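In what follows, a structure is listed as structure tokens, so that the remarks can point back to it.
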Amino acid sequence: MTRFKLKCVYCGRSYDPSSRIWRCECGKPLDVILELKDLEVDFRLLKGREASMWRYRELLPIPPKARIVTLGEGYTPVIVREVDGVHVTLKLDYLNPTGSFKDRGASVLVTHLLGIGVKEIVEDSSGNAGAAMAAYSAVAGIKCKVFVPADAPEGKKLQIASYGAELVPVKGSRAQVGVAAMKEAEKAYYAGHTWNPFFLEGLKTVAYEYVEQRGGTPDLVLIPVGSGGLFLGVFKGFKEMLGLGLVDRMPRLMAVQAEGFTPVYDAMYGEYGRPVPELILADGIAVPKPPRLEQVVKAIRETKGDVIIVNNKEILMAFKELARMGLFVEPTSATVLAALRRGLNEGVIEKGEEVYMPLTGIGLKAIDKLLKATSKGYL
């Protein structure tokens with residue numbers, strides 16, 4: 001049986017994985033640690049398994065006899081294109097059941113919560129994670145309350161409520177939404193995706209799937225970073241593949257952020273110094289204070305990566321370019337193509353490199369944002 005432990009990488013405290021703790025006593029985030037010793041994985045033996053992320057069952061921190069809460073998430077298609085001399089692998093993760101990559105994390109987290117007997121949860125989200133947690137909680141029979149910014153995209157709010165979750169709009173900043181959810185969590189389990197280590201475990205399968213679908217390791221991965229969950233999941237996934245001997249090197253990981261919300265850049269290089277734009281297109285990464293910021297910065301430095309900042313004009317140009325490829329994604333997803341262009345111009349990305357770019361959310365979730373951009377003449 002695969003062994004896991006729940007540990008704080010800051011103070012070293014360990015916890016029983018079946019406990020209901022979601023944050024270390026020291027106030028820092030927890031991580032699920034997979035013990036790689038004596039663990040063997042052969043991707044050739046996976047061919048007969050279901051085409052979902054649960055094909056990697058042995059590498060996910062769920063007991064063997066647990067009831068898996070799944071909607072068929074993961075193992076999404078990849079397409080390969082050449083963009084300005086760069087070999088690009090686009091991961092179509094917006095084709096997950098609720099329309100975003102967050103389904104991967106929700107599936108593992110809700111499966112875990114069901115297994116430890118949680119009946120009621122509280123989540124805070126700008127939209128996609130809330131929709132994913134609402135959907136998977138509905139499947140599991142867990143009562144779900146989701147706190148969202150009052151100005152979150154209407155489509156995302158409708159989607160959350162449609163799954164039967166209680167939707168709680170909060171006026172104010174994204175940080176204020178989190179505070180409101182934490183207060184409510186005094187009466188129910190806090191399942192916040194930005195904190196919970198089991199959510200990250202689902203996201204690491206984005207790296208596993210590259211290794212299986214494309215083989216080896218890309219030179220570079222471009223990842224939109226808000227709370228940093230996908231970034232750290234991809235880092236963890238490739239690191240586990242390296243530890244298991246399935247790849248021979250780590251890719252460079254580059255965080256992509258949008259002007260107005262640049263905490264990773266600020267932590268590495270000093271304040272970026274651009275105001276929050278009038279129209280926040282990339283709302284999925286509009287997170288001013290991610291709880292795992294230190295871990296993101298450490299992963300960038302360990303992989304010799306970097307952070308690239310893009311603006312609304314670049315995001316919209318990239319959105320239109322992806323649409324011309326037949327890929328209708330959220331502006332947040334389009335930031336990776338915008339970052340590729342900027343990275344080439346700035347010399348941090350080179351022609352001939354193999355670049356992996358997850359497309360994280362479907363464009364239908366951002367119709368109101370896109371219509372607003374059109375009315376203001378941006379599109």
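Here is how the numbers come out for the structure above:
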{"read-out": "Some residue of region 302-321 being at pLDDT 95 or above, closer than 20 Å to residue 232 by Cα and in a helix (DSSP H, G or I)", "value": "yes"}
{"read-out": "Condition check for residue 146: farther than 20 Å from residue 282 by Cβ and in a strand (DSSP E or B)", "value": "yes"}
{"read-out": "Flag if residue 165 is at pLDDT 95 or above and either surrounded by fewer than 18 Cβ atoms within 10 Å (Cβ to Cβ) or not acidic (Asp, Glu) (or both)", "value": "yes"}
{"read-out": "Test: residue in region 217-233 that is charged (D, E, K, R) and outside any loop (DSSP other than H, G, I, E, B)", "value": "no"}
{"read-out": "In region 164-208, the residues that are in a loop (DSSP other than H, G, I, E, B), under 21 Å from residue 24 (Cβ atoms) and hydroxyl-bearing (Ser, Thr, Tyr)", "value": "194"}
{"read-out": "Residues located in region 108-138, provided they are open to solvent by less than 10 Å² (accessible area, probe 1.4 Å), part of a loop (DSSP other than H, G, I, E, B) and closer than 29 Å to residue 371 by Cβ", "value": "125, 127"}
{"read-out": "Criterion: in a helix (DSSP H, G or I), without any contact (Cβ under 8 Å) to a residue 24 or more places away in the chain and within 17 Å of the chain's Cα centre (by Cα) - qualifying residue of 239, 298", "value": "239"}
{"read-out": "Boolean, residue 75 is among the hydroxyl-bearing types (Ser, Thr, Tyr), over 21 Å from residue 176 (Cα atoms), modelled with pLDDT of 95 or more and surrounded by fewer than 24 Cβ atoms within 10 Å (Cβ to Cβ)", "value": "yes"}
{"read-out": "From 141, 105, 99, 155, residue being open to solvent by 30 Å² or more (accessible area, probe 1.4 Å) and out of contact with any Asp or Glu (no Cβ under 7 Å at 6 or more places or on another chain)", "value": "141"}
{"read-out": "Pick from region 29-66, criterion in contact (Cβ under 8 Å) with a residue 60 or more places away in the chain and in a loop (DSSP other than H, G, I, E, B), ranking: most open to solvent (accessible area, probe 1.4 Å)", "value": "40"}
{"read-out": "Output for region 266-278, where each listed residue is farther than 24 Å from residue 27 by Cβ and surrounded by 15 or more Cβ atoms within 10 Å (Cβ to Cβ)", "value": "272, 277"}
{"read-out": "Unique match (being touching a Lys or Arg at 6+ places or on another chain (Cβ under 8 Å), over 24 Å from residue 39 (Cβ atoms) and either without any contact (Cβ under 8 Å) to a residue 40 or more places away in the chain or open to solvent by 10 Å² or more (accessible area, probe 1.4 Å) (or both)) among 170, 148", "value": "148"}
{"read-out": "Evaluation of residue 189 against (1) open to solvent by 10 Å² or more (accessible area, probe 1.4 Å); (2) within 18 Å of the chain's Cα centre (by Cα); (3) not basic (Lys, Arg) (one fails), failing number", "value": "(2)"}
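Residues checked against (1) at pLDDT below 95; (2) surrounded by fewer than 18 Cβ atoms within 10 Å (Cβ to Cβ); (3) among the aliphatic types (A, V, I, L, M):
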{"residue": "228", "(1), (2), (3)": "no, no, no"}
{"residue": "237", "(1), (2), (3)": "no, no, no"}
{"residue": "241", "(1), (2), (3)": "no, no, yes"}
{"residue": "248", "(1), (2), (3)": "no, yes, no"}
{"residue": "255", "(1), (2), (3)": "no, no, yes"}
{"residue": "258", "(1), (2), (3)": "no, no, yes"}
{"residue": "294", "(1), (2), (3)": "no, yes, no"}
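Each row is one residue, and each column tells you yes or no for (1) under 21 Å from residue 159 (Cα atoms); (2) not aliphatic (A, V, I, L, M).
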residue: 82; (1), (2): no, yes
residue: 89; (1), (2): no, yes
residue: 96; (1), (2): yes, yes
residue: 100; (1), (2): yes, yes
residue: 106; (1), (2): yes, no
residue: 110; (1), (2): yes, no
residue: 115; (1), (2): no, yes
residue: 131; (1), (2): yes, no
residue: 136; (1), (2): yes, yes
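The values are calculated or read from the model by the stated rules, or taken from the named source; none is laboratory data. Remember, predicted model here, so these are calculated numbers, not experimental data. Every residue, glycine among them, receives a Cβ derived from its backbone with ideal geometry; neighbour counts consider all protein chains shown. Heavy atoms of the whole protein, side chains included, go into the accessibility calculation; ligands, DNA and RNA do not. Shrake-Rupley method; radii C 1.70, N 1.55, O 1.52, S 1.80 Å.
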